[in-house]
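The values are calculated or read from the model by the stated rules, or taken from the named source; none is laboratory data. Keep in mind it's a predicted model, so treat the numbers as computed, not measured. Because the Cβ atoms are built from the backbone with ideal geometry, glycine has one as well, and the counts that use them run over all protein chains shown. The area values use the complete protein model at the heavy-atom level, side chains included, leaving out ligands, DNA and RNA. Shrake-Rupley method; radii C 1.70, N 1.55, O 1.52, S 1.80 Å.
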Amino acid sequence: MEIKSRFLQACRRQPVDVTPVWFMRQAGRYMPEYRAIREKYSLIEICRHPEIAAEVTLQPVRAFGVDAAILFADILLPVIPLGLGLEFAKGEGPVIASPVRTRDDVRAMRPFDAESDLGYVMDAIRILRGELNETPLIGFCGAPFTVASYIIEGGSSREFLKTKMMMYSAPDVFHALMSRLSDVLADYLVAQIRAGAQAVQVFDSWVGALSPADYETFVLPYSQKVLSAAQAKDVPVIHFGTNTTTLLPLMKRAGGDVIGLDWRIPLDDGWSLLGDDVAVQGNLDPVALFAPLPELKARVHDVLRRANGRPGHIFNLGHGILQHTPVENVKAVVDMVHEYSGSSLSGALAQSKRGNSVLMSMGKP
Ligand code: CP3
């Protein structure tokens, strides 16, 4: 049964009472409740215990009244059953024990079945659907390129040297890896939808490192496979990347009902590049959450003014919440978005009703 949710309505570009808002990485170390759990469990342990993952997912929903929950997991979890090894080293970010560099490495990746290999993720989704009531749950995965970049580099990267070297000097190996990953990620995302995710987001966080030509050749067909597998399941699909100003039309072609924008492009300019037949999500600079309240408010209002009440805007940051973000400012932004859009959207609605009644008094419907 479908719930009534302004987040899901906005994903479908339907009118809403107030602009929906949630935050990428809304659960995490900036929250004291999360840090308390992290004292006892590692990140991977949290993910592997569905009741704890569900509890962490609910923390920002309770604390801020956001309009959507995002499942607590990580884009790199599928790397574990693929046999590549995953660890989150302190202060270093993710480390992949056996990076993929050759055709043999691609062949050696183990068979993958989302429901059995990542059953703990599906269990967390099932628990959450029992607890969330009216708040929709977003599932997610990494896009093939962003996941490939970690698998090839062996961890985080600035220049993506090894990734691009594989692309440019062994394109057949790169295509083989992307093809395998797109099957794995499509299976993973569809399993999340079957378990109860009511929308999904595909994170292509680092795709902005590529030129449009390389995106079209090396990324688009594989992202398309993942996005269309999810879209075939009739839940809204959000397609997100950063540094994507030159890639937006190609990302739209790859798919998604909603395209995520980062803060480097004004929201209205990004939306014009995409066209109005797609919804947009974004795009406050995550650093704005550290600013004094009047400055933060001006920046929140600026994003909303650029969206201008058009159906199909979901308020979010341009990228994930940063580690030392002041918690009270996160709550303040949720309230600012609801208050400002509530008054401007109801103003627009009242105006259109007045318009209608003038027409009625003139004897027109
Ligand atoms: O949004 C949420 O609240 C859901 C949880 C979530 C996590 N990771 C938990 C996490 C989501 C949606 C992700 C996605 C993710 N993971 C992305 C795409 C989004 C983005 O920010 O670009 C990427 C690139 C990753 C890979 C990853 N995971 C990195 C690079 C790191 C280390 C960086 C860091 O902040 O330390 C992680 C660890 C990670 N995943 C944390 C959290 C809350 C860090 C906190 C911890 O160690 O407890």
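Is it true that some residue in the range 53-67 is away from the ligand (no atom under 16 Å from the Cβ) and in a loop (DSSP other than H, G, I, E, B)? Taking every residue of the range 53-67 in turn, none turns out to be away from the ligand (no atom under 16 Å from the Cβ) and in a loop (DSSP other than H, G, I, E, B).
Screening residue 84 on (1) in a loop (DSSP other than H, G, I, E, B); (2) closer than 22 Å to residue 34 by Cβ shows it passes everything except condition (2). Within the range 110-145, the residues that satisfy the criterion of being over 21 Å from residue 53 (Cβ atoms) and open to solvent by 10 Å² or more (accessible area, probe 1.4 Å) are 110, 111. Among the residues of the range 296-314, those identified as of a type in the set (A, V, I, L, M, F, W, C) and more than 15 Å from the ligand (Cβ to nearest atom) are 296, 298, 300, 303, 304, 307.
Would a scan of the range 31-49 turn up a residue that is open to solvent by 20 Å² or more (accessible area, probe 1.4 Å), touching a strand residue (DSSP E or B) at 6+ places or on another chain (Cβ under 8 Å) and within 9 Å of the ligand (Cβ to nearest atom)? Yes, the range 31-49 has at least one match. Of everything in the range 271-301 that's closer than 22 Å to residue 322 by Cα, among the small types (Gly, Ala, Ser) and not in a strand (DSSP E or B), which residue is most open to solvent (accessible area, probe 1.4 Å)? For the range 271-301, the residue satisfying everything is 298.
Within the range 194-252, being in a loop (DSSP other than H, G, I, E, B) and under 25 Å from residue 54 (Cα atoms) holds for 196, 197, 198, 205, 233, 234, 235, 236. The sole residue among 214, 257, 268 that is in contact with a Cys (Cβ under 9 Å, 6 or more places away or on another chain) and open to solvent by 10 Å² or more (accessible area, probe 1.4 Å) is 257.
Return yes when residue 16 is part of a loop (DSSP other than H, G, I, E, B), in contact with a Lys or Arg (Cβ under 8 Å, 6 or more places away or on another chain), of a type outside the set (Lys, Arg) and farther than 24 Å from residue 119 by Cβ and no when it is not. In short, yes.
So that you can scan it fast, the table gives a plain yes or no per residue for (1) without any contact (Cβ under 8 Å) to a residue 40 or more places away in the chain; (2) assigned to a helix (DSSP H, G or I):
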residue	(1), (2)
91	yes, no
98	yes, no
101	no, no
106	no, yes
112	no, no
135	no, no
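Scan the range 29-75 for residues that are of a type outside the set (A, V, I, L, M) and under 16 Å from the mean Cα position of the chain (by Cα) and jot them down. Once the filter is applied, which keeps residues that are of a type outside the set (A, V, I, L, M) and under 16 Å from the mean Cα position of the chain (by Cα), the range 29-75 yields 57, 60, 67, 72, 74. Of the residues screened, residue 121 is not one that is within 16 Å of the ligand (Cβ to nearest atom), β-branched (Val, Ile, Thr) and not in a helix (DSSP H, G or I).
Have a look at 322, 304 and point out the one that is within 18 Å of the chain's Cα centre (by Cα), at pLDDT 95 or above and either open to solvent by less than 40 Å² (accessible area, probe 1.4 Å) or not polar (S, T, N, Q) (or both). Result: 322 is the single residue among 322, 304 that is within 18 Å of the chain's Cα centre (by Cα), at pLDDT 95 or above and either open to solvent by less than 40 Å² (accessible area, probe 1.4 Å) or not polar (S, T, N, Q) (or both).
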